[in-house]
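Down below is the structure, laid out as structure tokens.
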Amino acid sequence: MMNSMRFKPETLRKFTVEILDKAGYRGEEAKIFADSLIMANESGVDSHGITRLRTYAERIRHGVVDIHAEPEIVNDADTFIMVDSRNGMGVATCRWTIDRCIERAKKHGSCFAAVRNGNHFGTGAFHTMYGAEQGMLTIAMSNSSACVAPTGGRTAILGTNPMSIAIPSEKYGAMILDMATCTVAQGKVILANKEGNKIPFGWAIDEKGNPTDDPAAALKGAMLPFGGPKGYGISLIIEILCSALTGAYMSPDTKSFWRDFENPQGLGFFMGVLDISKILPLDEFKKRTDEILDRIKNSPKAEGVSEIFIPGEIEQRNRKLANESGIELGSNVYSELVALANEYGVSADILKPM
Ligand SMILES: NC(=O)c1ccc[n+]([C@@H]2O[C@H](COP(=O)([O-])OP(=O)(O)OC[C@H]3O[C@@H](n4cnc5c(N)ncnc54)[C@H](O)[C@@H]3O)[C@@H](O)[C@H]2O)c1
């Protein structure tokens, strides 16, 4: 078999919708969820794409996520809402919450939301881009299973706690920062361990809290926050906004997306939008943002560098490429999808390469 194949994004979306349908998840919400998954692949964020479909489908099939749950506003302060996801799908809860925030921001200028009883929300950019497309500066954060040590610590007590902020611009679509708050995903350490490679110092620590380049020792220890105590501080702020404010579990108490098929994850999110047009005309703001981004893009490059990117630009370019020449999947991922199709009674013929 070839090492990789290319698929039209539409093919993978259709396949995802079929699998979800067999798992019992249907309608508009399931389509939005499929969009979120395939957008990750289109963006080049494969770790959060179709490779997770099996786990999501299994979670739905086991009923550990409630696909029928309607989120509920449990505390309403007009420009701030507390939302109980009631163990619904993370992506659906976030879409519902951002829609409510936008509605209110159009009236009051801004609205923020704290969400509890949530499940994995996928990539932050899926949620913030949606708000930015409607002229809103949008933020989304989540806590997650603990695998990161605080600066000076030696145990995994913080999640990878992702944060995304999208800011509307004309020329660049939107500037979208979307990042985990650890140096790199733990998956990279797992992979290095499998392949017998060393990891760079600075990614992780061993059980005693010492820097290590041995992935096996790193897996017994913890990942490190990005940027030393600065990343640790940001991760901690996300932790507090997502758990203390919402009443969700703190990261070490949340339940594993990958391994726990009995207990709800109990995650917290913090989200919000700012309606720029309430402060200055949106076009004016976009023009000013473009000027800043242009200056950055056109500033002198370091030796050996061919282009300076703005946050989100690489992913945006990947999406354009994916729509022109397809999404590349490795043969392992393809085989997993064929096996999934067989298990769920979906015709693997849908998965026709380009
Ligand atoms: N739901 C969860 O629990 C969870 C947890 C962790 C991460 N995530 C998601 O995983 C995804 C990947 O996170 P990550 O931290 O590995 O992302 P990353 O390190 O690939 O990118 C982080 C940010 O840096 C920007 N960037 C990268 N290279 C750049 C360059 N050369 N110039 C300018 N900007 C550049 C990217 O556009 C992005 O905004 C994100 O979508 C995140 O939301 C989700």
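With contacts taken as Cα pairs under 8 Å and at least 6 residues apart, the range 1-114 reaches a relative contact order of 19 percent. Counting 0.36 nm for each residue step from Glu10 to Trp258 and taking away their Cα separation leaves a gain of 86.6 nm. Across the range 91-107, rounded Karplus estimates of 3J(HN,Hα) from the backbone phi angles (6.51 cos²θ - 1.76 cosθ + 1.60, θ = phi - 60°) give 5, 5, 4, 5, 4, 4, 5, 5, 4, 5, 4, 5, 3, 6, 5, 5, 8 Hz, Gly and Pro being marked x. For the range 137-153, 3J(HN,Hα) computed residue by residue from phi via the Karplus equation (6.51, -1.76, 1.60; θ = phi - 60°) reads 6, 10, 10, 8, 9, 8, 8, 7, 3, 6, 8, 10, 8, x, 4, x, x Hz, glycine and proline entered as x.
The 3J(HN,Hα) values that the Karplus relation (6.51, -1.76, 1.60; θ = phi - 60°) gives for the range 28-37 are, in residue order, 4, 4, 5, 5, 5, 4, 4, 4, 5, 5 Hz. Gly and Pro appear as x. Footprinting exposure proxy ranking of Arg100, Arg288, fewest other C-beta atoms within 10 angstrom first, gives Arg288, Arg100. Need the C-alpha centroid separation for the range 1-65 versus the range 108-138, integer Å. When both Cα centres are located, 21 Å separates them.
The mean sequence distance of close C-alpha pairs (under 8 Å, at least 6 residues apart), as a share of the length of the range 237-351, puts its relative contact order at 13 percent.
When Leu280, Leu274, Leu224, Leu158 are sorted by how many other C-beta atoms sit within 10 angstrom of their C-beta, beginning with the fewest, the order is Leu280, Leu274, Leu224, Leu158.
Here the label points at Glu207 and Leu245, each 7 Å from Cα along the C-beta direction, are separated by 3.8 nm in the simple model.
If both residues of a DSSP beta bridge must be in the chain, then about 85% of such bridges are antiparallel.
Ordered by the count of other Cβ atoms within 10 Å of each Cβ, fewest first, Thr123, Thr55, Thr93 give Thr55, Thr123, Thr93.
Over 19 Å apart at the Cα level, from the set Lys188/Lys352; Lys194/Lys255; Lys8/Lys352; Lys198/Lys255, are Lys188/Lys352; Lys194/Lys255; Lys198/Lys255.
For the chain, Cys94, Cys147, Cys182, Cys242 stand unpaired, since no other cysteine beta carbon lies under 4.7 Å from theirs. Dividing the mean sequence gap of close Cα pairs (under 8 Å, 6+ apart) by how many residues the chain holds gives a relative contact order of 24 percent. For Thr183, the residues whose modelled amide H falls within less than 5 Å of its own, excluding neighbours fewer than 5 places apart on the same chain, are Leu224, Phe226. Placing a label point 7 Å from the Cα of Lys287 along the Cα-to-Cβ direction, the residues of the range 164-195 with a backbone N closer than 18 Å are 168-173.
Length gained on full extension, Asn323 to Thr155, computed as 0.36 nm times the residue gap minus the Cα-Cα distance: 56.3 nm. The stretch between Ser331 and Ser47 holds 100.7 nm of extra length on full extension. This uses 0.36 nm per residue minus the Cα-Cα distance.
Only the coordinates and a few stated rules stand behind these numbers; no lab work does. Since the model is a prediction, treat every value here as computed from it, not as a measurement. Backbone-built Cβ (ideal geometry, glycine too); neighbour counts: all protein chains shown.
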